[in-house]
1. State which residue is surrounded by the most Cβ atoms within 10 Å (Cβ to Cβ) when the search covers only segment 14-32 and only residues that are of a type in the set (Gly, Ala, Ser) and touching a residue at least 60 places away in the same chain (Cβ under 8 Å).
2. I want to confirm something. Restricting to segment 255-284 and keeping residues that are surrounded by 12 or more Cβ atoms within 10 Å (Cβ to Cβ) and aliphatic (A, V, I, L, M), which single residue is nearest to Leu221 (Cα to Cα)?
3. Return only the number of the condition from (1) within 28 Å of Leu172 (Cα to Cα); (2) over 29 Å from the mean Cα position of the chain (by Cα); (3) free of Cβ contacts under 8 Å to residues at least 40 places away in the same chain that His110 does not satisfy.
4. For segment 328-343, what are the residues that are surrounded by 24 or more Cβ atoms within 10 Å (Cβ to Cβ) and within 22 Å of the chain's Cα centre (by Cα)?
5. Across segment 33-47, what is the number of residues that are at pLDDT 95 or above and surrounded by 15 or more Cβ atoms within 10 Å (Cβ to Cβ)?
6. Assuming Ile303 fulfils every condition listed in (1) more than 19 Å from Lys18 (Cα to Cα); (2) of a type in the set (A, V, I, L, M); (3) at pLDDT 95 or above apart from one, which condition is it?
7. Under the condition of being within 23 Å of Leu82 (Cα to Cα), in contact with a helix residue (DSSP H, G or I) (Cβ under 9 Å, 6 or more places away or on another chain) and of a type outside the set (Val, Ile, Thr), which residue from segment 95-119 is surrounded by the most Cβ atoms within 10 Å (Cβ to Cβ)?
8. Out of Ile106, Ile111, I need the residue that is within 15 Å of Ala164 (Cβ to Cβ) and of a type outside the set (Ser, Thr, Tyr). Which one?
Amino acid sequence: MKIFSNFFKKADTSIEPKMQFGRYSDTYKSEDKYQKWDKAIEFFNAEKYLQSYTCFLEFLADDSVSNLKHQNANGKISFEFLQGSKVILGEADVHHFKAESKIAKIDVPHIGMMRKLLEENFELKYSRYAIDEDNCLCLAFDTFVEDGAPHKIYQALKEVATVADRKDDVLLDEFTDLKTINDQHTIAASENEIHLKFDYFKSECRILIHKLDNTKLNTLLYPGGISFLLLDFFYKIDYLVKPEGPLLAYINEIHTMYFENNIMTVHEKNKKMIHFLREFEHYNIMKFSKEIYNVNATFGNVIPGEQQRFSEIYDAQMNDFDWYFDNGHYEICNAICGYIVGYTLYSYAMPEPTKALLTLYYKITERKIFKDLGFKDLFYKSDGTYNHKEVLNALKNICIPYLEKYGKITLPTKMLDFTNEIVFRKSYILMIKNISYQDLK
């Protein structure tokens, strides 16, 4: 009986929940997929358009998530693929390439919505908003095949897919007379997951508001410290809670405002972010639950990032970290580390081991939410200090699945300093900065 008891005990401790964090990226494709891309270009240049589009669709397909299917019959290719909560349908023959995504069902067109979409049409490069014969709001694209090179088709389909996925929840929230359509493929989150994420979301809101209300920092002279606190929070919510509706739109707007608006001062940007934070504070569970579901995707919104880019992000913030540390603003020091991790995950598709290390940072520093969601609580001892052995084991295991693809991976774990929370976070990020990839081939 003891043998069986030990067996089942061991099996149980090895199980962790399969849960999505962060956003999908189409950067991590195999060499076979890139060969399909090369073939698509070769066939297009040879004016073999259907063969080109077949290879192109095979390039887009991600076998691990079953995101796309297509068929070729009677001289026509038909296809459909998933992007978040939206389905994109299309077809191609020797004359045309077409694709569209139905965003929502409209019973009575709303003048305000129609005006807004008309204005947004001018911002689209390849596609356009339209209403079909079934009174569905759609995003559509079409082109003659002679003008439909794989590069153009890729950008056009990405625009249709990502814009439709981004707009549906936002429009449905703003215009209540719209009806959802073609969302049966989304994967519902459990009630337990929704409530745990909601509790975490509201708790982090309250904690941040308390920090802002009680900070000893001279915010007039050092507004950057407040920015770090706010951006750390928004990126953390994006990656760990992973909302799919208006909350995501708010976070996207915050990111764009902070980094692309050259007219607003840092004080004004902070004021705007705090306004959004107050909006988050009043979110209720009913509204929140509509945004928490799992999806498959075909296109990612983040750009590929090399290891050097992470080093640049780290170096750009460390002078700030040292000043706040020397002046006793330790919460902002932690926020700077969180900002580096969150900004990187939000903005770039880093090499897979680096991305896994950044996720592990959250698993260590955001202990409670991961524990509540069913992940093993390994990285702390009963007295609240770090469990060195388990942290090092986790770091070692992260690299193993990627050795064949990346060759030798050197992770300088000796840089880790477990003295206290602040120095550990900084040393952990410094370790990631100094990871070395050496292709053994």
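The values are calculated or read from the model by the stated rules, or taken from the named source; none is laboratory data. Since we're looking at a predicted model, the values are computed, not measured. No Cβ is skipped: glycine too gets one built from the backbone with ideal geometry, and neighbour counts run over all protein chains shown.
1. Narrowing segment 14-32 to residues of a type in the set (Gly, Ala, Ser): 14, 22, 25, 30.
From what is left, the residues that are touching a residue at least 60 places away in the same chain (Cβ under 8 Å) are 22, 25.
Details: Gly22: 18, Ser25: 20.
Per the criteria, the residue is Ser25.
2. Within segment 255-284, the match that is nearest to Leu221 (Cα to Cα) is Val266.
3. Result: His110 fails condition (3) only.
4. Ala335, Ile336, Cys337, Tyr339, Ile340, Val341, Gly342
5. 7
6. Every listed condition holds for Ile303 apart from (3).
7. So in segment 95-119, the residues within 23 Å of Leu82 (Cα to Cα) come out as 96-106, 117.
Remaining after also requiring in contact with a helix residue (DSSP H, G or I) (Cβ under 9 Å, 6 or more places away or on another chain): 96-97, 99-104, 106, 117.
Subset that is of a type outside the set (Val, Ile, Thr): 96-97, 99-102, 104, 117.
Details: His96: 14, Phe97: 23, Ala99: 24, Glu100: 22, Ser101: 29, Lys102: 21, Ala104: 23, Leu117: 20.
Per the criteria, the residue is Ser101.
8. On the way: Ile111 fails: within 15 Å of Ala164 (Cβ to Cβ).
Going through Ile106, Ile111 in turn, the sole match is Ile106.
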